[in-house]
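Q: Got a structure here, written out as structure tokens. Questions coming.
The values are calculated or read from the model by the stated rules, or taken from the named source; none is laboratory data. Keep in mind that this is a model prediction, so the values were computed, not measured. Counting neighbours? That spans all protein chains shown, and the Cβs are built from the backbone with ideal geometry, glycine included.
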Amino acid sequence: MNDNPTPPVRHTLPAAEEQVRAIVTQSPNGAAWYTVDSTHLALKFREDTPFEVWQAETRTLLEVARGIQWLVGDALAFGEDHWGEDAAQVFNLEEYTFDAVEKMIRTSKAIPPHRRRPAVGYSVHQEVVGLPVAQQEEILAHAAVSQSTKDEVRSLVRTTRRRLIRESAARQPVPDLALPACTLQVADARNLPLESNTVDLIITSPPYGLDVAYTHGDITAIDWVLFMLAWLPEALRVTKPHGRLALNTPLDTTKGGLRPTYADAVYAATEAGWTYQSTIVWHDNSTTKGNRALGSVDSASRPFHVSQVEMIALFSKGEWGPSSSNPDDISPADWQLAGRGPWTLPGETHAWEGFPAAFPVEIPRRLLHYLSRVGDHVLDPFSGSGTTAVAALKTGRRFTGFDLDPEAINSTQRRLATVSILKVP
């Protein structure tokens, strides 16, 4: 039995210096209740440590651990401000990467102590560092109330950054383009201002009902199939006999419930009168689900499979054949590349003017050479930032783009003005 009287339990104070002092609390006979071996990164309590002491000291250690990156970041930031590069001598580059140290310094400088949220994790603070102060405060306040995860905050940061870019871009002048082969217009895909049988190829990626921050809002998940059934017949009307549709959608989605998005899209297109031909699997190695397996970890009870692919379903208006007698321009290498799957290429990481849900220009470029000919008429009824427009005009096709958002049309005009080589037919 321990003959030493049990010292009173201390209450941990929030101040960092008090937390550090609490670690060295000593027992009545002058010996520490525990020892720290920094060489082996080990801590050992005495066998006669009372529960109350262990509880208080462990809580203190947890508090220090929770804030240790802030403390280290503040110390490194102080050293950098006062001694510059000489401060780097304090850490061993073989044990600490420069990026990790730099990130801690940057985080401490960007978010001073009076703006740090104790209820929000350090990694969440790191996510908002690149934003203006007002947006940092907005997201940190939201995270404190909603207890958002790091992945949720990262998604919110991306959305905020895109919004700021778009707001800045919208203040830029709109160039007056003189491109007779290009028509850009505000219009609804369900009521296209085009004559029937005029389009050779449609390349598009419609809204998916994922609550994306489009200017006019997204389609609700529950209405998505009805929305697809509304615009796909109109797309068929304006397409020439034997014309084609390349329809990009996710394989499946989870927002609004588990939805087989690709299967729903194929159903809607065939119901609208399109003839299904085949599907290109696009492996973009990206997912909003954290790049890891989900569900019941290491258990068969409730696994959730994550597929890092999108689908590009190919359809025709009637038989699969050319809709024009224009010349082909696909190279043997592109023919082999396009004709075998999966297509493995990364998604768009720097969307033009921050537009959401943009695909890389390589996708429409491949499709244009594979499914159309020089001088053919290409349509995107959800033009967005104009990715298909850029690819079409650079490959010598005529292009028509529609979007509900006037700023999307303006943005596409600004984008086309920056493209140096346009093979306008």
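Q: Give the residue, chosen from 246, 272, that is touching a helix residue (DSSP H, G or I) at 6+ places or on another chain (Cβ under 8 Å), over 25 Å from residue 158 (Cα atoms) and surrounded by fewer than 22 Cβ atoms within 10 Å (Cβ to Cβ).
A: 272
Q: Could you pull out the residue among 337, 371 that is touching a helix residue (DSSP H, G or I) at 6+ places or on another chain (Cβ under 9 Å), surrounded by fewer than 18 Cβ atoms within 10 Å (Cβ to Cβ) and aliphatic (A, V, I, L, M)?
A: Just a single option satisfies the conditions, and that option is 337.
For every residue, the table says whether it meets (1) closer than 25 Å to residue 338 by Cα; (2) at pLDDT below 95; (3) of a type outside the set (D, E, K, R); (4) not assigned by TED's automatic domain parsing to the domain that holds residue 392.
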{"residue": "176", "(1), (2), (3), (4)": "no, yes, no, yes"}
{"residue": "192", "(1), (2), (3), (4)": "no, no, yes, no"}
{"residue": "198", "(1), (2), (3), (4)": "no, no, yes, no"}
{"residue": "205", "(1), (2), (3), (4)": "yes, yes, yes, no"}
{"residue": "210", "(1), (2), (3), (4)": "no, yes, yes, no"}
{"residue": "216", "(1), (2), (3), (4)": "no, yes, yes, no"}
{"residue": "220", "(1), (2), (3), (4)": "no, yes, yes, no"}
{"residue": "238", "(1), (2), (3), (4)": "no, no, yes, no"}
{"residue": "242", "(1), (2), (3), (4)": "yes, no, yes, no"}
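Q: Check off (1) hydroxyl-bearing (Ser, Thr, Tyr); (2) farther than 22 Å from residue 234 by Cα; (3) at pLDDT below 95 for residue 383 and give me the number that stays unchecked.
A: (2)
Q: For the stretch 289-344, which positions are among the charged types (D, E, K, R), without any contact (Cβ under 8 Å) to a residue 60 or more places away in the chain and either more than 30 Å from residue 233 (Cβ to Cβ) or outside the structural domain of residue 377 (by TED's automatic domain parsing) (or both)?
A: 289, 292, 298, 302, 334, 340
Q: Taking only the stretch 230-254 into account, find how many residues are in a helix (DSSP H, G or I) and under 33 Å from the mean Cα position of the chain (by Cα).
A: 7
Q: Restricting to the stretch 251-269, and then to whatever is under 20 Å from residue 358 (Cβ atoms) and surrounded by fewer than 20 Cβ atoms within 10 Å (Cβ to Cβ), can you tell me which residue is modelled with the highest pLDDT?
A: 251
Q: A further question follows. If I ask for residues that are assigned to a helix (DSSP H, G or I) and without any contact (Cβ under 8 Å) to a residue 60 or more places away in the chain, which ones from the stretch 393-421 would you list?
A: Within the stretch 393-421, 394, 418 meet the criteria.
Q: Find the helices (runs of 4 or more DSSP H) located wholly in the stretch 45-144 whose residues include 3 or more that are more than 29 Å from residue 156 (Cα to Cα), and list them.
A: Those helices (runs of 4 or more DSSP H) span 51-83.
Q: Restricting to the stretch 132-152, name every residue that is under 22 Å from residue 101 (Cα atoms), in contact with an Asp or Glu (Cβ under 9 Å, 6 or more places away or on another chain) and at pLDDT 90 or above.
A: Listed by number, the list is empty, since nothing qualifies.
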